[in-house]
Each structure stands twice: as C-alpha cells, then as structure tokens.
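K.L.:
I'd like to ask you about the structure that follows.
The values are calculated or read from the model by the stated rules, or taken from the named source; none is laboratory data. Since this is a predicted model, take the numbers as computed values, not measurements. Here the Cβ is made from the backbone with ideal geometry for all residues, glycine too, and neighbour counts use every protein chain on show. Accessible surface areas use protein heavy atoms only, side chains included; no ligands, DNA or RNA. Shrake-Rupley method; radii C 1.70, N 1.55, O 1.52, S 1.80 Å.
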Amino acid sequence: MNDLLVMKFGGTSVGSAGRMRAAAALASRERRNRPVLVVVSAMSKITDLLLDTMRHAEAGDR
C-alpha cells in the first residue's frame with residue numbers, strides 16, 4: 001500500500017472520551033489524504049490493571 005500512515009495512540013492520548021475524539025479527528029483528517037492504519041493501546045493506567053488481573057487469573061483467583 002503506497003503512502004500508508006500508521007498512527008499509534010495510547011496512554012493519555014486515549015485516556016478520556018475527549019482525548020479519544022481528538023485522536024479520531026486527527027486520523028479522520030489524515031484519511032482524506034492517504035490510507036491510515038490506527039493502532040490503539042490501553043488507556044492510561046489500564047495496562048497495569050490488565051497485568052494485575054492476569055496475575056490473579058494465573059493464580060486461580062476468579
């Protein structure tokens with residue numbers, strides 16, 4: 001794919017509904033000019049929560 005733009009958002013850039021809207025608006029504007037691939041990682045502080053939950057699950061804690 002020619003001229004593909006990869007945009008990665010994570011942490012505080014998707015930490016609230018307003019920040020998610022801003023990231024979506026940026027991607028939408030770029031999409032008018034070229035193909036865009038958006039990568040979204042966990043919101044602020046969610047990665048630690050997911051890791052903690054995984055550790056509990058591994059230990060057999062339901």
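K.L.:
Restricting the search to segment 17-59, which residues are open to solvent by 100 Å² or more (accessible area, probe 1.4 Å), closer than 18 Å to V6 by Cα and assigned to a loop (DSSP other than H, G, I, E, B)?
P.N.:
Across segment 17-59, the qualifying residues are R32, N33.
K.L.:
With respect to V14, determine if the residue is in contact (Cβ under 8 Å) with a residue 12 or more places away in the chain, among the β-branched types (V, I, T) and open to solvent by 80 Å² or more (accessible area, probe 1.4 Å).
P.N.:
Answer is no for this residue.
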